[in-house]
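So the structure is just underneath, and the comments pick up after that.
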């Protein structure tokens, strides 16, 4: 079964915010980050089980994986039937135990 990629509005907002932050410091890094998000998404489409499990909820198992080439940033995603949904893209220093419920609400 071929998977389709869906990026939530929240994840899109995360990517734009991170790219703006990086661009203020290094335009080249911001461009690399945007490309790395695309590459990581394609990689996850090929093998959705690559990421580590974060938690289960009624909407599906949430997993995470580092953004290729940007080890401090994580892509959070879940598989829903034939769709791989990128839920959020966040800095790895976030306290997931504390922020888990608010970050991943539907």
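Only the coordinates and a few stated rules stand behind these numbers; no lab work does. Small disclaimer: the values here were computed from a predicted structure and weren't measured. Using ideal geometry, Cβ is built from the backbone for each residue, glycine included, and neighbour counts are taken over all protein chains shown.
If I take R0 = 25 Å and measure r between the Cβ atoms of residue 82 and residue 52 in this structure, what FRET efficiency does the formula 1/(1 + (r/R0)^6) give, to the nearest 0.05? Show your work: numbers first, answer last.
Numbers: r = 23 Å, r/R0 = 0.90.
That gives a FRET efficiency of 0.65.
Could you tell me whether the range 33-93 comes out rounded, prolate or oblate from its Cα gyration tensor? Rule is a ≥ b ≥ c as square roots of the eigenvalues, rounded for a/c under 1.5, then prolate if a/b exceeds b/c, otherwise oblate.
oblate
Relative to a virtual label point 7 Å from the Cα of residue 45 in the Cα→beta-carbon direction, which members of the range 5-25 show backbone nitrogen distances below 15 Å?
5-8
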